[in-house]
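To start, the structure itself, in structure tokens.
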Amino acid sequence: MKKDIKCLLTEVESKLVKRIHERPSKDALDRLALFVGFQDWESFRKELHEGEDLYAEDGDSNDAEKDAKE
């Protein structure tokens, strides 16, 4: 699910940048974070990055398990 949110976030940011030709303000980013249930943009980004780390660790352990079975 976090991967889907990250893809959505990337798409929204790119569309905003294309429309206004500059990075969105902190206030605009905070409102987007509120929309998806976070208090502010930084807490949203932090959660995404922590989720990526967990996802990468799970992927590494799954690869090791597959190698051990073979």
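Just give me the residues in region 9-31 being open to solvent by 50 Å² or more (accessible area, probe 1.4 Å), in contact (Cβ under 8 Å) with a residue 12 or more places away in the chain and of a type in the set (A, V, I, L, M), in sequence order.
L16
Restricting to region 35-44, name every residue that is open to solvent by less than 100 Å² (accessible area, probe 1.4 Å) and assigned to a helix (DSSP H, G or I).
W41, S43, F44
Kindly indicate whether K3 is open to solvent by 90 Å² or more (accessible area, probe 1.4 Å), modelled with pLDDT under 85 and touching a Phe, Trp or Tyr at 6+ places or on another chain (Cβ under 9 Å).
yes
Which condition does P24 not pass, out of (1) in a helix (DSSP H, G or I); (2) modelled with pLDDT under 80, if it passes all the others?
Among (1) in a helix (DSSP H, G or I); (2) modelled with pLDDT under 80, the lone unmet condition for P24 is (1).
The values are calculated or read from the model by the stated rules, or taken from the named source; none is laboratory data. Please read all numbers here as calculations on a predicted model, not as lab measurements. A quick note on method: Cβ atoms are made from the backbone with ideal geometry, for glycine too, and the neighbour counts reach across all protein chains shown. Only protein heavy atoms, including side chains, enter the accessible area calculation; ligands, DNA and RNA are left aside. Shrake-Rupley method; radii C 1.70, N 1.55, O 1.52, S 1.80 Å.
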